[in-house]
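Step one of this worksheet: look at the structure below.
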Protein chains: 2
Amino acid sequence: MSTYEAGQYDVIVVGAGHAGVEAAYAAAKRGAKTLMLTMNLDMIAFMPCNPSIGGPAKGIVVREIDALGGLMGKVIDKTYIQMRMLNTGKGPAVRALRAQADKPLYIQEMKKALEQESNITLRQGMVEKLVIEDGKCQGVITETKALYRAKSVIITTGTFMRGRVIIGDISYESGPNNQRASVKLAENLEELGFELVRFKTGTPPRVINHSIDYSKTEIQPGDENPQHFSYETTEAITDQIPCWLTYTNENTHNIINENLGLSAMYSGMIKGTGPRYCPSIEDKIVRFHDKPRHQIFLEPEGRNTEEVYVQGLSTSLPEYVQREILRSIPGLEEAEIMRAGYAIEYDAVVPTQLWPTLEVKNVEGVFTAGQINGTSGYEEAAGQGIMAGINAAAKALNKDTLILDRSQAYIGVLIDDLVTKGTNEPYRLLTSRAEYRLLLRHDNADLRLTDIGYKLGLISEERYQRFEEKKRLIEEEKQRLQEIRLKPTEQLQSLMEQIGGTRLKDGILAYDLLKRPEVTYDIIDQVCPPELDLADDVKEQVEIQIKYQGYIVKSNQQVDRMKKMENKLIPDNIDYDAISGIATEAREKLKKVRPLSVAQASRIAGVNPADVSILLVYIEQGNVAKVSNE
Amino acid sequence: MSTYEAGQYDVIVVGAGHAGVEAAYAAAKRGAKTLMLTMNLDMIAFMPCNPSIGGPAKGIVVREIDALGGLMGKVIDKTYIQMRMLNTGKGPAVRALRAQADKPLYIQEMKKALEQESNITLRQGMVEKLVIEDGKCQGVITETKALYRAKSVIITTGTFMRGRVIIGDISYESGPNNQRASVKLAENLEELGFELVRFKTGTPPRVINHSIDYSKTEIQPGDENPQHFSYETTEAITDQIPCWLTYTNENTHNIINENLGLSAMYSGMIKGTGPRYCPSIEDKIVRFHDKPRHQIFLEPEGRNTEEVYVQGLSTSLPEYVQREILRSIPGLEEAEIMRAGYAIEYDAVVPTQLWPTLEVKNVEGVFTAGQINGTSGYEEAAGQGIMAGINAAAKALNKDTLILDRSQAYIGVLIDDLVTKGTNEPYRLLTSRAEYRLLLRHDNADLRLTDIGYKLGLISEERYQRFEEKKRLIEEEKQRLQEIRLKPTEQLQSLMEQIGGTRLKDGILAYDLLKRPEVTYDIIDQVCPPELDLADDVKEQVEIQIKYQGYIVKSNQQVDRMKKMENKLIPDNIDYDAISGIATEAREKLKKVRPLSVAQASRIAGVNPADVSILLVYIEQGNVAKVSNE
Ligand SMILES: Cc1cc2nc3c(=O)[nH]c(=O)nc-3n(C[C@H](O)[C@H](O)[C@H](O)COP(=O)(O)OP(=O)(O)OC[C@H]3O[C@@H](n4cnc5c(N)ncnc54)[C@H](O)[C@@H]3O)c2cc1C
Ligand SMILES: Cc1cc2nc3c(=O)[nH]c(=O)nc-3n(C[C@H](O)[C@H](O)[C@H](O)COP(=O)(O)OP(=O)(O)OC[C@H]3O[C@@H](n4cnc5c(N)ncnc54)[C@H](O)[C@@H]3O)c2cc1C
């Protein structure tokens, strides 16, 4: 069966999940003629698991995507049913926004956003093969034998590759949610020499609203004044919908323990490795066996549907056990399952095969992004998607590539972890993975990344001007506060007492006053307000930057040190076998990962400080240059 | 692998397409505890082809479904983007309503309607097997080995059974729109002795809105005062969206002719029989080769999407030819395809295996409805669905079954045709299939069927009271017009002249005046208005019933004659082999179809009037009874 020439593009994106949509949009915005091929146009950016976006670390990724000019933040802001700022009582580094999404509406809005981008051609199609010539990507071939050509191809096929659904002792070939699995493409990647690994993930049952007795649960409403993910969102959704909280109990745990042998996880049915940080309920019971109860959140799947997601109850136990488990939980005694929970096993690409641009090392022009790279989560997928889109367009159009470092963005941490350390299980982003947490805040994503997004063409001129204005206002206000010396008037002293602070001994700079932990910008607004009232986000920035100045400075010094190592680039043509003294394990790892810098080399598991020193000396002595000149 | 007991229901519906949703809803409303199993809960009542509901004959079916208490009319009334009454210039028998649907919204609203019906349990699941014991249905088994028990099972799997998609010389296993095919269930039906047949249908490409040059096409707006399908709808959707009309031309036809050899239809790839009345474009070119052009309608797939359906261009030609064809059409010169057209082949059940209740003759308790019975079209599917739902509930709950005869409803015509004559190709309802067209009107569906729906429990008390009131007003008004004698006043004479009628010679009953073709109820409103203003639908009824009285009476006489034969029931235990004189072909057909009445027998192709006479005599002589008494 012969193929036909179906068109020439700059970039082709395979898959329209959370990675794919960002990839296509970013590539298109950079000016690349982009073709997006996906199995089912009615399931664009479908959420196969929880109906929520954001949360610790993940929420900050959404802000970063937005600061770079991506879609996720804008679309969830249009489609949330509930919005909450988490950890408001804690420091700014751990604050995070989380939204409950209206799943069907999210699909619609995402589809529309892509449809309206004129550089994107959106097309339903199943990709079966990459076309590779001389190690370089030429395009893809679909099930219908269409040959689409492009210099860059981004594969974002999520959990579809050789997908197998597993429930108890039953297993069958299937993509998520009873969609088709993607088998031929997986076989093709294997033929092309991709190293694949088998991972698994799982999802809980969904139940119907009217079968829940909410009186036995606790209400979890949205914030009264919802904040937003996108720096472009101006209007809030006013009619939010609550979630509900209930708990497992001893009875639940007994049922699970009794049936543990039937769980696909424990019976040996599942060969793939599951996500440690999104464990199934059976995992939780086994690993935390002394915990008397686990939280179960009941989350509506949308405004216009009665389906309710049972967060916390991910499982691959047989359906009848799922029912028993559910019915042991207060409020769910009569619960009727609409979709059963299941686990899915799938092929992922070992991510150390990738450059930090997400290009595959051995196949020029092929990029991979999303769950296919061994991650888990919509935001992790989207974060990789936008980067792959930017870099695939760069490849096709001979533009600059973009690599974010670990001090610039959680996205940088994520990708660096993947390509440097690889992962033995579905990788999830956690705040603890970032060494510069105080710099990678929810509130300053725009300050960190908008400049980049603008230079790439992903941020509009108008938005950029607004951003510049915000920056100017912040700097001016910080300056102003440095110039105002406040006298210890009675008014001020009693204000201090009111907020539980100590009295001032002397006059003080407004700037220094704001450094005190108990003083918020409100106080400034009372004692020395600026001439023109400032926007909330400007006030917030001024307060955080001043209050945490000391820590921020320290973090920045660490970053500088790291940067020095980051700047010590390792030449492409280095021959690790020629370096004597490096331990064997380190040598193997270095040859596999091919780090771009000494800093990256130092982060590889198995490469010890001693190895790094030897490497450093070797490079600084110019040994590599010699080799290549011979 | 063993099954587990997953629950006991009265009725199980397999599939949630247009047949399935009506079946489940009707069964539930009759009081049956109903389980609905479908492959993908996100694609309930998905429209795999045209985004429209209604049209000649089909539109009347939607009204009939609504009059019986079904869903289709209500849901399309909530989700249309455009509504048009067709054939307004013609007689009331051919008037028909057609709506353009918002596809994603239709899915949402249909899903919600089912979710909110407390007798329905909606569950995602793939059915693989029927459980039959002693020729009686016991339930179904799913892919996950859940065994659900019920006395009645309705199979409504549409085009999914052993679905194969075909485009040019490519073919692969797939359900519609890249969904999974349903293979195991088809194999199981075969094992159970079902006679299956291979049919095919096709769909045109979809293109993206911004690639169309509408200036080269003609606008097709919706009606200014849209009418509705449901007798319950009170509010109109005001912001309608237009469709657009363009045409194929010689160039288009040349492209198709040149590539005919590549069409799956003509290359022998397709073994299934296609629908004569929804032909592919290549079919149209071949069959009507002297037609210089064919209409092509450009129909938006929804309010919130840029996808546009290209009505009239259904094809299984290779993708690149589809592109060439499109681009030869004015307005589509730059068209970008979002989904390619394709043909799909699938297994259908030979419908002569069914009783008129849609129960399978040889497997008690199993019902089939929709495209699986050899039909084509959403409305045909929905019409069967509601009947199967009513009768499956009857079976499970020992209630009365319902068979509509050919004079009561298009649905009656459809089912009688299927079970009596069978079909050699996907069957589509046409007005020409009905012998009592003047009785089966759009406007009187409620008068024909609401009583039935009410008795079945599908129509609410409140709606029924409104209906009774409407009937009363119609009768009173007809009565009143019989009692008013109008004098030939100058005012009336000049009114007659104005509307192009002849002058009155004498006084005339208002009733008789309204019989004149040129006189509408408006005239009555001017010359002898009722005390209280009447609703439009009452006026319409009064006018039609009076104006067409002669024809209606004649039709009713025919119906009476037919009913006499319909009432001559053929006993269950008749032994056709014992009747001498019947032609061999007739005997075989009678044994296969097992008609319930002499009338039904007379409609079987191959059963001639002579055979009917012999049969009639045989029955009237009480021969059957004798046989059974021996
Ligand atoms: C059952 C399940 C449970 C999960 N549980 C969790 C959880 O608890 N926590 C969590 O954080 N994350 C969870 N996830 C992960 C989360 O859904 C994914 O991380 C996220 O959707 C990945 O996005 P993606 O874009 O990489 O892939 P996907 O969203 O899976 O998108 C893949 C896309 O590729 C398309 N595609 C596939 N093959 C082809 C092909 N050959 N040709 C064309 N198109 C193709 C598909 O149609 C789809 O559009 C779960 C996922 C599943 C399936
Ligand atoms: C490509 C294509 C082109 C068409 N073109 C036309 C046309 O031009 N004109 C026209 O009038 N009609 C056309 N149709 C037909 C129209 O779409 C159908 O008549 C209508 O959708 C039939 O409704 P249904 O309920 O019988 O089946 P469907 O709407 O197909 O629904 C079948 C349901 O069964 C479910 N299902 C299948 N197998 C299983 C299983 N084993 N277990 C559980 N669930 C299962 C599916 O998920 C789905 O919900 C076309 C259909 C297709 C696919």
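The values are calculated or read from the model by the stated rules, or taken from the named source; none is laboratory data. Here the structure is a predicted model, which means the values were calculated and not measured. Cβ coordinates were reconstructed from backbone atoms using ideal geometry, including for glycine residues, and neighbour counts include every protein chain displayed.
Table: residues versus (1) at pLDDT below 90; (2) within 19 Å of A:Thr420 (Cβ to Cβ); (3) in the same structural domain as A:Leu439 (by the TED database).
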residue: A:Met562; (1), (2), (3): yes, yes, no
residue: A:Asp577; (1), (2), (3): no, no, no
residue: A:Ala583; (1), (2), (3): no, yes, no
residue: A:Lys592; (1), (2), (3): no, yes, no
residue: A:Ser597; (1), (2), (3): no, yes, no
residue: A:Gln600; (1), (2), (3): no, yes, no
residue: A:Val607; (1), (2), (3): no, yes, no
residue: A:Ile614; (1), (2), (3): no, yes, no
Some residue of the range B:57-72 being near ligand 2 (Cβ under 9 Å from one of its atoms) and either buried (at least 24 other Cβ atoms within 10 Å of the Cβ) or touching a residue at least 60 places away in the same chain (Cβ under 8 Å) (or both): yes
The range B:24-81, residues that are of a type in the set (Gly, Ala, Ser) and within 16 Å of ligand 1 (Cβ to nearest atom): none
Looking only at the range B:348-362, and only at residues there that are surrounded by fewer than 20 Cβ atoms within 10 Å (Cβ to Cβ) and hydrophobic (A, V, I, L, M, F, W, C), the one that is nearest to B:Asp405 (Cα to Cα): B:Trp355
Number of the condition not met by B:Glu218 [criteria: (1) over 22 Å from the mean Cα position of the chain (by Cα); (2) outside the structural domain of B:Pro275 (by the TED database)]: (2)
Test: residue in the range B:264-279 that is within 24 Å of B:Glu334 (Cα to Cα) and in a loop (DSSP other than H, G, I, E, B): no
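What about B:Arg323, is it of a type in the set (Lys, Arg), within 22 Å of B:Gln100 (Cα to Cα) and within 14 Å of chain A (Cβ to nearest Cβ)? If you could, list the steps in order and put the result at the bottom.
Details: of a type in the set (Lys, Arg): yes; within 22 Å of B:Gln100 (Cα to Cα): no; within 14 Å of chain A (Cβ to nearest Cβ): yes.
Against the criterion (of a type in the set (Lys, Arg), within 22 Å of B:Gln100 (Cα to Cα) and within 14 Å of chain A (Cβ to nearest Cβ)), B:Arg323 does not qualify.
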Contacts under 6 angstrom Cβ, first residue in the range B:1-19 being within 14 Å of another protein chain (Cβ to nearest Cβ), partner aromatic (Phe, Trp, Tyr), 6 or more apart: B:Tyr4/A:Tyr320; B:Ala6/B:Tyr148; B:Gly7/B:Tyr148
Boolean, B:Ser316 is small (Gly, Ala, Ser), buried (at least 17 other Cβ atoms within 10 Å of the Cβ), at pLDDT below 95 and under 26 Å from A:Ile120 (Cα atoms): yes
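Are any of the residues in the range A:450-472 in a helix (DSSP H, G or I), touching a strand residue (DSSP E or B) at 6+ places or on another chain (Cβ under 8 Å) and at negative phi?
no
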Meets criteria (of a type in the set (A, V, I, L, M, F, W, C), closer than 30 Å to B:Pro176 by Cα and under 25 Å from the mean Cα position of the chain (by Cα)) for A:Ala186: yes
Residues of the range A:141-156 that turn out to be away from chain B (no Cβ under 11 Å), out of contact with any Ser or Thr (no Cβ under 9 Å at 6 or more places or on another chain) and of a type in the set (Ser, Thr, Tyr), as a count: 1
Filter result (in contact with a Ser or Thr (Cβ under 7 Å, 6 or more places away or on another chain) and within 16 Å of ligand 1 (Cβ to nearest atom)) within the range A:361-383: A:Phe367, A:Ala369, A:Gly370, A:Gln371, A:Ile372, A:Gly374, A:Ser376, A:Ala381
Sole exception among (1) closer than 27 Å to B:Ile386 by Cα; (2) not in a strand (DSSP E or B) for B:Thr144, by number: (1)
B:Ile237 being at pLDDT 90 or above, touching a helix residue (DSSP H, G or I) at 6+ places or on another chain (Cβ under 9 Å) and closer than 29 Å to B:Gln371 by Cα: no
Matching strands (runs of 3 or more DSSP E) fully within the range B:39-134 where at least 1 residues are within 30 Å of B:Ser555 (Cα to Cα), away from chain A (no Cβ under 14 Å) and not polar (S, T, N, Q): B:52-54, B:80-86, B:96-101
Total residues in the range A:47-85, condition closer than 25 Å to A:Val542 by Cα and more than 17 Å from the chain's Cα centre (by Cα): 3
All positions within the range A:160-173 that are near ligand 1 (Cβ under 10 Å from one of its atoms) and small (Gly, Ala, Ser): A:Gly163
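Given the criterion within 22 Å of A:Pro176 (Cα to Cα) and among the small types (Gly, Ala, Ser), identify the matching residue among A:Gly59, A:Gly89, A:Gly17.
A:Gly17
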Among (1) more than 16 Å from the chain's Cα centre (by Cα); (2) surrounded by fewer than 22 Cβ atoms within 10 Å (Cβ to Cβ); (3) over 24 Å from B:Lys33 (Cβ atoms) - the single one B:Asp405 does not satisfy: (1)
